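Read the structure below first, then the notes.
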Amino acid sequence: MKIDFATLLFGFVLASGVLWLLDAVLFAPARRRKAEASGKPMPPRPRLFEYARSFFPIFLAVLLLRSFLVEPFRIPSGSMLPTLLIGDFILVNKFTYGIRLPVVDRKIVEIGAPQRGDIVVFRYPEDPSVPFIKRVVGLPGDRIGYFHKTLYVNGKEVPQVPAGSYRGSGSGAVMTGADVRREALQPVAHEILVQPSAPSVEGEMVVPDGHYFVMGDNRDNSRDSRYWGTVPDANLIGKAFLIWFSWDWAGGEFNLDRVGNPVR
């Protein structure tokens with residue numbers, strides 16, 4: 001069984017909270033009675049209970065923040081080039097698609113649903129312990145096709161406009177020379193990378209209810225719904241909205257000009 005950070009953090013909250021409560025209810029009154037009976041000053045709180053009292057509110061605040069508001073993620077691969085670079089650190093809005101209980105990830109409040117063009121973070125359906133990031137191209141009930149490097153939504157071709165040749169750097173340098181195309185995926189227009197000579201996974205499917213069809217913007221270097229199917233709503237983590245830092249340590253690059261850029 002893999003233990004993720006959310007589970008570990010919940011454990012810290014539970015352990016520190018229980019220790020603090022035990023001290024407040026049982027051990028502190030016992031120390032006080034013993035001090036009063038002996039006429040001596042009350043001894044200081046034992047170090048373990050002092051640490052629990054000090055760290056419990058911190059652990060709780062972090063748990064609530066990352067469970068219900070925002071959570072940071074790092075982009076580990078080039079599947080979302082040119083939109084997101086390897087080493088971009090992003091913030092994900094956790095409540096856009098509904099409020100979920102931490103650890104169990106059960107939705108308790110419906111707020112909204114992904115829209116076509118959203119960049120979403122989700123738990124990989126084949127291994128839910130692994131977070132993935134892709135762009136939503138198909139909503140429940142959509143008929144999605146991909147043929148000859150072109151996306152089709154409900155039988156209509158999604159227009160692409162050539163936008164030059166990609167010049168990558170750092171870990172993304174391997175994609176230098178790929179075609180940059182401007183894709184008008186309504187309501188979001190965005191850039192994609194295409195390698196005309198690379199083989200493509202092609203086909204067509206109807207997106208099931210409660211599921212989403214997702215693709216990487218680096219179309220020929222992304223394992224996405226073309227390979228392993230659609231993303232259930234239950235696997236959604238949130239919507240990416242901001243780059244807060246960018247450090248490609250494998251490529252040796254800081255990209256401070258990307259800090260503060262919106263994700264879209």
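Read-outs throughout are calculated quantities, based only on the coordinates presented, and are distinct from any laboratory measurement. The model shown is predicted, which means the values in this text are computed figures rather than measured ones. All Cβ positions, even for glycine, are placed from backbone atoms using ideal geometry, and neighbour counts span all protein chains on display.
Across the stretch 156-162, rounded Karplus estimates of 3J(HN,Hα) from the backbone phi angles (6.51 cos²θ - 1.76 cosθ + 1.60, θ = phi - 60°) give 9, 5, 7, x, 10, 10, x Hz, Gly and Pro being marked x. Non-local lysine pairs in the chain, meaning eight or more places apart or on different chains, with alpha-carbon distances under 19 Å, amount to 6.
Hey, if you put +1 on the Cβ of every Lys and Arg and -1 on every Asp and Glu Cβ in the stretch 21-101, which of Ser38, Leu84, Ala28 ends up farthest toward the positive end of that dipole? Farthest towards the positive end: Ser38. Residue-wise HN-Hα couplings along the stretch 90-105, as the Karplus relation 6.51 cos²θ - 1.76 cosθ + 1.60 with θ = phi - 60° gives them from phi, are 10, 10, 10, 6, 8, 10, 4, 9, x, 8, 10, 5, x, 6, 7, 6 Hz; Gly and Pro carry x. Of the residues Glu183, Glu36, Glu204, which exhibits the maximal mean-square fluctuation in a Gaussian network model of the chain defined by a 10 Å Cα contact cut-off? Among Glu183, Glu36, Glu204, the largest mean-square fluctuation in the Gaussian network model of the chain belongs to Glu36. Need the C-alpha centroid separation for the stretch 223-262 versus the stretch 135-210, integer Å. Measuring centre to centre over Cα atoms gives 17 Å.
If you line up the long axis of helix 47-68 against the longest principal axis of the chain, both from Cα atoms, how many degrees apart are they, to the nearest 10? Helix 47-68 sits at roughly 30 degrees to that axis.
Applying 1/(1 + (r/R0)^6) with R0 = 41 Å to the Cβ-Cβ distance of Leu48 and Val174 gives a FRET efficiency near 0.20. Computed from the C-beta positions of Ile99 and Ser165, the FRET efficiency with R₀ = 35 Å rounds to 0.20.
For Cα extents along the principal axes in Å, which listed value, [x] 87, 43, 31; [y] 65, 43, 35; [z] 46, 44, 36, comes from the coordinates shown? Structure-derived value, by its label: [x].
Rounded to 0.05, the FRET efficiency of the Leu22 and Val130 pair, given R0 = 41 Å and the Cβ-Cβ distance, is 0.65. Here each label is just a point 7 Å from Cα along the line to Cβ, and for Arg32 and Leu69 those points are 3.4 nm apart. Between Arg167, Arg45, Arg106, the residue with the greatest mean-square fluctuation in the GNM of the chain (Cα pairs under 10 Å linked by springs) is Arg45.
For the chain, the relative contact order is 20 percent, taking Cα pairs closer than 8 Å that sit 6 or more residues apart in sequence and dividing their mean separation by the residue count.
Compared with the dominant Cα axis of the chain, that is its longest principal axis, helix 5-22 is turned about 10°.
Here the Karplus curve 6.51 cos²θ - 1.76 cosθ + 1.60, taken at θ = phi - 60°, turns the phi angles of the stretch 196-210 into couplings of x, 8, 7, x, 10, 7, 10, x, 9, 7, 9, 6, x, 4, x Hz, with x standing for Gly and Pro.
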